[in-house]
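Written out below as structure tokens is the structure these notes cover.
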Amino acid sequence: MASSIPTTTSGFRIDLTAGSFDGLRLDPSMPVAPLGPQDCLVAMHAVSLNYRDIAMPLRLYPAYTKEDVVPCSDGAGVVVAVGSDVKSLKVGDQVCPTFFQDFEDGYPTKQSRASSLGGLNDGVLRKHAVFGEKGLIKVPKFLGAKEASTLPCAALTAWNALFGVEGRALKRGDWVLTQGSGGVSIFALLFARALGAHVVATTGDKGKEKRLRDLGADIVLNYREDPKWGIAAKEYIERQGGTGAQHVIEVGGETSMEQSLKAVAPEGVISIIGFLGGEAAAGERRTGFWDCFASACLVRGVLVGSKRQFRDMLAFMEEKGIRPVIDGKTWKLEQAREAYEYLRAQKFFGKVVIEIEE
């Protein structure tokens, strides 16, 4: 147990009826749940944003969101109190809540999907929160709170995309195609390079091309300058002796899928992760069954990952010395709406982080 357990805390909720960032509301006296025997009270120190977080208040998120929910799935903090039956964690441990609070291993189920944070259940954009012991993972000491806050969704999604299919896990010498400079894509780039794989990165921002190359991308293609970037990617890989990308990190959605199918190698994997590009315009060609058939590849939707995968990822990061890429600008808790606006404007490079003062 701990000496003093707060009964209220400060944090944000979303009024979904607003349909805009006006729905982000700071509540200075949010109740803190009672501490059960298998629970831990965590003082949150940092929260990182995903596109999912800005999609919810804008009513763009395709799944159900609980009314008046505490937003955000990704954060890190320190355990300040533990229940009487907690065995694996102690006061003072730095931890991350897992995106799915009840997903230890295997494949996602209806039950595990219902345990997600920041949508169906209250998330981490608050100073204190109570989580079950099984919904927390201890973070290695080489990562600070801001770095650790980027891991639960963005990093683990990239890890699952590259290593989550038995028999098709990324290996040295493979080719990976990433899209943009958001968290999932950059983590995929970092993991791939650490393993000795090659990366074709895409961006629509000239100013970000050098930064992607500096992180290890073999080549950077600008999709605004070349709408057929998928064909260009495959041709480049073929010139290096390959057959296409063994892994495509698909974050754009319907608007970029056609080019992803052009870039993928036969029997390669396209991991569908996001929908940043929105829907195809009326009259615009949509990809479908025959496109997937002709590409002879595996197309899978990636739902973050399990706690076992999280442990494997942390061990890999510690072994390889991989540190998350965090955008140069950070915000305080009270500036959460500004951070949301910044992410929406796509001014960032890497992860956008909100610091929470103790």
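Considering only Val42, Ile273, Gly216, the residue lying farthest towards the positive end of the dipole of the chain is Gly216, judged by Cα position with unit charges set on Cβ. Each of Cys297, Cys153 was scored by other Cβ atoms within 10 Å of its Cβ. Arranged with the fewest first, they read Cys297, Cys153. By the Cα gyration tensor, the stretch 99-243 has an equivalent ellipsoid whose semi-axes, rounded to whole angstrom, run 33, 18, 15 from largest to smallest. Panel order for Phe131, Phe21, Phe289, Phe12, by other beta carbons found within 10 Å of each beta carbon, from fewest to most: Phe289, Phe21, Phe131, Phe12.
In terms of overall dimensions, the stretch 230-273 has a Cα radius of gyration and Dmax of 9.8, 29 angstrom. Rounded to the nearest 20, the Cβ-based charge dipole of the chain about its Cα centre (Lys and Arg +1, Asp and Glu -1) stands at 520 debye. Can you return the aspartates and glutamates within cross-link range of Lys206? Criterion is Cα-Cα under 19 Å, with same-chain partners fewer than 8 residues away left out. Cα-Cα hits under 19 Å: Asp214, Asp218, Glu225, Asp226, Asp327.
For Lys329, the aspartates and glutamates whose Cα falls under 17 Å of its own Cα, not counting residues fewer than eight places away in the same chain, are Glu147, Glu338, Glu341, Glu355, Glu357. How long are the three semi-axes of the equivalent ellipsoid of the chain, in whole Å, if each is the root of 5 times an eigenvalue of the C-alpha gyration tensor, listed from largest down? Each semi-axis is the square root of five times an eigenvalue, giving 35, 22, 18 Å. Short-range pairs are left out: with C-alpha atoms under 8 Å and at least six residues apart, the relative contact order of the chain is 17 percent. Sorted ascending by nearby beta carbons within 10 Å, beginning with the fewest, Asp327, Asp226 become Asp226, Asp327. Across the stretch 199-341, Cα-Cα distances exceeding 20 Å account for 60% of all pairs. Of the two radii for the stretch 172-239, the radius of gyration is 0.94 times the Kirkwood radius, both from the alpha carbons; that is the Rg over Rh value. Of all lysines in the structure, the ones whose alpha carbon falls short of 23 Å from that of Lys134, not counting any fewer than 8 places away in one chain, are Lys66, Lys87, Lys90, Lys110, Lys146, Lys307. Note on the stretch 156-301: with charges restricted to the Cβ of Lys and Arg (+1) and Asp and Glu (-1), its dipole about the Cα centre is near 340 debye.
Placing unit charges on the Cβ atoms of the charged side chains and taking the dipole of the chain about its Cα centre, the candidate lying farthest along the positive direction among Ser181, Leu58, Ala233 is Ala233. Calculate I(q)/I(0) for the stretch 1-94 by the Debye formula, one identical point scatterer on each C-alpha and no solvent, and give its log10 at q = 0.25 Å⁻¹ to two decimals. So the normalised log intensities work out to -1.23.
What are the semi-axes of the equivalent ellipsoid for the stretch 62-157, taken as the square roots of 5 times the Cα gyration tensor eigenvalues, largest first, in whole Å?
Its equivalent ellipsoid spans semi-axes of 21, 15, 14 Å.
Here, each number is a calculation from the coordinates, and none is a lab measurement. Note that this is a predicted model, so its numbers are computed, not measured. Neighbour counts run over all protein chains shown; Cβ positions are idealised from the backbone, glycine included.
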